[in-house]
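The values are calculated or read from the model by the stated rules, or taken from the named source; none is laboratory data. Note that the structure is a prediction, hence the values are computed from the model and not measured. Cβ coordinates were reconstructed from backbone atoms using ideal geometry, including for glycine residues, and neighbour counts include every protein chain displayed. Just so you know, the surface numbers come from the protein's heavy atoms only, side chains and all, with ligands and any DNA or RNA stripped out. Shrake-Rupley method; radii C 1.70, N 1.55, O 1.52, S 1.80 Å.
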Amino acid sequence: MVFQLMKEKLYAAVICDTLDDLDFRNQAMREDIRPLENDTVLVGKAKTVLAADVYHEYQNPYEQEINAIDSIKEDEVVVAGTNHSVRNGLWGELLSTASKMRGARGAVIDGLIRDTKKILELGFPVYCTGFKPVDSKGRGVVIDYDCPVEVGGVLVHPNDVIFGDRDGVVVIPKAVFQETVERALDKVNSENQTRNELLEGKLLKDVYDKYGVL
């Protein structure tokens, strides 16, 4: 499967370089969106979720949140925009558990999360901006899903492909996904050859002139 190949062979930096070459130059999320575990590599299709701050308790505060999670498909990554909220921990252990059991590969939250110990024990990859132990009820609510959403400064559409590692999270537009993967794999091969020749003591200029990667 292509996602497994990406997970084994690619990394965020080479994907960003490839997208730059394809004139998609704003596909890396903000630097404050970090993985719970540094060695996490996350690849999957975007399942977009949009949340907003509220200042009273709705009658059914979790309705859209539940609908979004229950509609997850295999190999999706929950990608949630909160409009930079710091009012609540939108994501936690139970959402992680439910998402994992639906086949999700992980979650990217442009906001705060809670239950981090339990999420780590679950082995569910999550990226976020920080932690806060309070619930979303009366503080935030999911207002839509499967819609375009801005996350980490990048506009994400449903079924765009998400790639995250310790360097950060990159969004690959679905229209150029196949070309991006093919070019990135070629670039990795050139980088490997460049590294080998540098380790042999060859000059950087000579090796760059030969392979054209840096």
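For the stretch 67-130, divide the Cα radius of gyration by the Kirkwood radius and give the resulting Rg/Rh value with two decimals.
Dividing the radius of gyration by the Kirkwood radius yields 0.94.
Can you tell me the FRET efficiency between N67 and Y208 if r is taken as the Cβ-Cβ distance and R0 is 35 Å, rounded to the nearest 0.05?
Given R0 = 35 Å and the Cβ-Cβ separation, E is 0.10.
Considering the chain as a Gaussian network with a 10 Å cut-off on Cα pairs, which listed residue, L155, L94, L50, attains the greatest mean-square fluctuation?
Most flexible of the set in this elastic network: L94.
Can you give the extra length, in nm with one decimal, that the chain gains between E150 and V134 once fully stretched, where that is 0.36 nm per residue apart less the Cα-Cα distance?
This chain segment gains 3.4 nm when fully extended.
Using only alpha carbons, build the gyration tensor for the stretch 119-214 and give me the equivalent ellipsoid semi-axes, biggest first, whole Å.
39, 18, 11
Which of the GluC sites (Glu not before Pro) found in the stretch 47-131 are in a DSSP loop and have at most 13 neighbouring Cβ atoms, other than their own, within 10 Å?
Listed in order of number, the matching sites are E57, E74.
Classify the stretch 79-167 as rounded, prolate or oblate, taking a ≥ b ≥ c as the square roots of the eigenvalues of its Cα gyration tensor: rounded when a/c is under 1.5, otherwise prolate if a/b is larger than b/c and oblate if not.
Rounded, since a/c falls under 1.5.
Report, ordered by chain and residue number, the aspartates and glutamates lying within cross-link reach of K205, taken as a straight Cα distance under 17 Å and ignoring same-chain residues fewer than 8 apart.
Cα-Cα hits under 17 Å: E191, E197.
Among the GluC sites (Glu not before Pro) in the stretch 130-214, which ones are in a DSSP loop with at most 15 other Cβ atoms within 10 Å of the Cβ? Mind listing them?
Qualifying residues, ordered by number: E200.
If R0 is 35 Å, what FRET efficiency do you get for L94 and A175 from their C-beta distance, rounded to 0.05?
Efficiency for this residue pair is about 0.50.
Where both partners of a DSSP beta bridge lie in the stretch 93-201, what percent of those bridges are antiparallel, to the nearest 5?
The answer is about 65 percent antiparallel.
Pick from D53, D20, D165 the residue whose mean-square fluctuation is largest in a GNM of the chain, springs joining Cα atoms under 10 Å.
Maximum among the listed residues: D20.
Given a 1.4 Å probe, how much area per residue of the chain is accessible, in Å²?
For the chain, the solvent-accessible area averages 51 Å² per residue.
List the residues, sorted by chain then number, that are 5 or more residues from V134 or on another chain and whose placed amide H is less than 5 Å from its amide H.
G89
Run the numbers for L120 and R102: contour at 0.36 nm per residue of separation, minus the present Cα-Cα distance, in nm.
Full extension from L120 to R102 adds 4.7 nm.
Counting DSSP beta bridges with both partners in the chain, what percentage is antiparallel, nearest 5?
55 percent
With n ≥ 4 as the cut-off for DSSP H runs, can you work out [θ] at 222 nm for the chain, using -39500 (n - 2.57) per run divided by the number of residues, rounded to the nearest 500?
-10500 deg cm²/dmol, from helical runs alone.
Under the 0.36 nm per residue contour assumption, what length would be gained going from the current alpha-carbon distance of F3 and N196 to full extension?
Additional length available on full extension: 66.8 nm.
With a 10 Å radius around each residue's Cβ, average the other Cβ atoms per peptide and rank 9-15, 25-31, highest first.
Per-residue Cβ counts within 10 Å, averaged per peptide and sorted highest first, yield 9-15, 25-31.
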